[in-house]
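The values are calculated or read from the model by the stated rules, or taken from the named source; none is laboratory data. Fair warning: this is a prediction, and the values are worked out from it, not measured in the lab. Every residue, glycine among them, receives a Cβ derived from its backbone with ideal geometry; neighbour counts consider all protein chains shown.
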Amino acid sequence: MGSTAGWEVRTDSSNVRLKFFYQDRFVLAYNTGGPMGDFFRPRPDFYPVYSPAGCLLTDQHTYRHVHHASIWLGHGRVGHPVNNFYHDTPRDGLITTKRIAHQIDGPSLILGSELDWVNIRGGVDLKELRLVEVIPAPGLYVLDWYTRIAPPERPITMLRDNHSFLCFRVADTIDVEDGGQIINTNGQRNEEECMRQPADWIDYSGTVTGHPCGLTLMNHPANPPSNWFVRNYGTVCLSPFLDRDVVLDPGQPLEFRARFLLHDGGPDDIDIPGHWQAFTHRPEWQNPLPEQ
């Protein structure tokens, strides 16, 4: 447990979960995943996820598509033979945490982890470095995400798939089916207009217990060409593998950057374009993991 500059980090007795509080408010928890009986999760995720006003923004293990886990990263078709790192059956691979660390730097909480994408035969298809920074701002929390992945020994193909890559699932009352709204950079709305359309960002907003709130996900211009998978029932994914196969080579990692806004109010209540511009100019991520 540690507290600095308004942040407090709590771990559970099994050390598989980190809970992050800012000024005594529960912001979110990071569940590290792994094949550990009652603690089993096939990949890490963030859940719960709250707005500054305390609205629970996301859902997990939902009535539809139980593999959706709040905020998570995975891919459904990796390599030959194909391994699935997106769904949750005994025939699917696991994304396991090898090392994890956090630090507090001014107003920022920084989380770093090294992960193995372990296929169903026990081999490692990919190694990932994941860095996440959470920064409080007026009316929202900024969550910046950096992933660097590469195969350890031989080239591997990320086959194009809808089940990919960095995703979130909104709380049930936020979704379009219950009166919420999706809007992107271009002013396009909902699944019918936003699916697979190029956009710098997508916002998904609605209400929780009558309180307007939502999430924004932003693409970074330095990413490989990436596209959007959007559903009115509550899911948004941003992926460089949605519409094309990508071969990853050892020693040439793919880098992927994204920003979430976890906000109160609707999209007109926050400066989404301003936050996107700031994101495109943010400094490089710090890595709190000790050198080996």
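I'm trying to understand the selection: among the residues of the range 224-242, which are in a loop (DSSP other than H, G, I, E, B) and touching a strand residue (DSSP E or B) at 6+ places or on another chain (Cβ under 8 Å)? Give the derivation first.
Of all residues in the range 224-242, those in a loop (DSSP other than H, G, I, E, B) come to 224-226, 231-234, 240-242.
Pro224, Ser226, Asn232, Gly234, Pro240, Phe241, Leu242 - these are the residues of the range 224-242 that are in a loop (DSSP other than H, G, I, E, B) and touching a strand residue (DSSP E or B) at 6+ places or on another chain (Cβ under 8 Å).
Show the residue pairs meeting these rules: Cβ distance below 9 Å; 6+ apart or different chains; first residue within the range 236-258 and closer than 17 Å to Leu131 by Cβ and at pLDDT 95 or above; second residue among the charged types (D, E, K, R) and surrounded by fewer than 19 Cβ atoms within 10 Å (Cβ to Cβ).
As it stands, the answer is Pro253/Lys127; Pro253/Arg148; Leu254/Arg148; Glu255/Arg148; Phe256/Arg148; Arg257/Arg282, since those pairs meet every condition given.
Quick check on my filter: what residues within the range 25-73 are of a type in the set (D, E, K, R), at pLDDT below 95 and over 20 Å from Phe229 (Cβ atoms)?
Those that are of a type in the set (D, E, K, R), at pLDDT below 95 and over 20 Å from Phe229 (Cβ atoms): Asp38, Arg41.
Looking only at residues that are touching a residue at least 24 places away in the same chain (Cβ under 8 Å) and under 16 Å from the mean Cα position of the chain (by Cα) in the range 57-66, which one is surrounded by the fewest Cβ atoms within 10 Å (Cβ to Cβ)?
Gln60
Restricting the search to the range 147-189, which residues are buried (at least 19 other Cβ atoms within 10 Å of the Cβ), assigned to a loop (DSSP other than H, G, I, E, B) and within 20 Å of the chain's Cα centre (by Cα)?
Correct list: Asp161, His163, Ala171, Asp175.
Can you find a residue in the range 205-212 that is hydroxyl-bearing (Ser, Thr, Tyr), without any contact (Cβ under 8 Å) to a residue 40 or more places away in the chain, within 17 Å of Thr58 (Cβ to Cβ) and surrounded by fewer than 20 Cβ atoms within 10 Å (Cβ to Cβ)?
Looking only at the range 205-212, we keep the residues that are hydroxyl-bearing (Ser, Thr, Tyr), and these are 205, 207, 209.
Then keep just the ones that are without any contact (Cβ under 8 Å) to a residue 40 or more places away in the chain; that gives 207.
Checking the rest, the ones that are also within 17 Å of Thr58 (Cβ to Cβ) come to 207.
This time we only want the ones that are surrounded by fewer than 20 Cβ atoms within 10 Å (Cβ to Cβ), so: 207.
Within the range 205-212, one or more residues are hydroxyl-bearing (Ser, Thr, Tyr), without any contact (Cβ under 8 Å) to a residue 40 or more places away in the chain, within 17 Å of Thr58 (Cβ to Cβ) and surrounded by fewer than 20 Cβ atoms within 10 Å (Cβ to Cβ).
If Thr32 passes every condition in (1) among the β-branched types (Val, Ile, Thr); (2) farther than 28 Å from Thr157 by Cβ; (3) in contact with a Ser or Thr (Cβ under 6 Å, 6 or more places away or on another chain) but one, which one does it miss?
(2)
Only one of Gly139, Gly112 is surrounded by fewer than 21 Cβ atoms within 10 Å (Cβ to Cβ), touching a residue at least 60 places away in the same chain (Cβ under 8 Å) and under 30 Å from His275 (Cβ atoms); which? Please lay out each step first, then the result.
Working: Gly112 fails: surrounded by fewer than 21 Cβ atoms within 10 Å (Cβ to Cβ).
Sole residue among the options that is surrounded by fewer than 21 Cβ atoms within 10 Å (Cβ to Cβ), touching a residue at least 60 places away in the same chain (Cβ under 8 Å) and under 30 Å from His275 (Cβ atoms): Gly139.
Could you list all residues from the range 259-272 that are farther than 9 Å from Tyr141 by Cα and in contact (Cβ under 8 Å) with a residue 24 or more places away in the chain? Walk me through it before giving the result.
Going through the range 259-272, the residues farther than 9 Å from Tyr141 by Cα turn out to be 259, 264-272.
Answer for the range 259-272, where residues must be farther than 9 Å from Tyr141 by Cα and in contact (Cβ under 8 Å) with a residue 24 or more places away in the chain: Arg259, Asp264, Gly265, Gly266, Pro267, Asp269, Ile270, Ile272.
Is one or more of the residues making up the range 243-260 in contact with a Ser or Thr (Cβ under 8 Å, 6 or more places away or on another chain), outside any strand (DSSP E or B) and surrounded by 22 or more Cβ atoms within 10 Å (Cβ to Cβ)?
Taking every residue of the range 243-260 in turn, none turns out to be in contact with a Ser or Thr (Cβ under 8 Å, 6 or more places away or on another chain), outside any strand (DSSP E or B) and surrounded by 22 or more Cβ atoms within 10 Å (Cβ to Cβ).
Across the range 120-129, which residue is nearest to Pro224 (Cα to Cα) among those that are part of a strand (DSSP E or B) and free of Cβ contacts under 8 Å to residues at least 60 places away in the same chain? Spell out how you get there, then give the answer.
Keep residues of the range 120-129 that are part of a strand (DSSP E or B), which gives 124-129.
Those still in the list that are free of Cβ contacts under 8 Å to residues at least 60 places away in the same chain too: 124-125, 127-128.
Details: Val124: 23, Asp125: 20, Lys127: 18, Glu128: 16 Å.
Across the range 120-129, the extreme among qualifying residues is Glu128.
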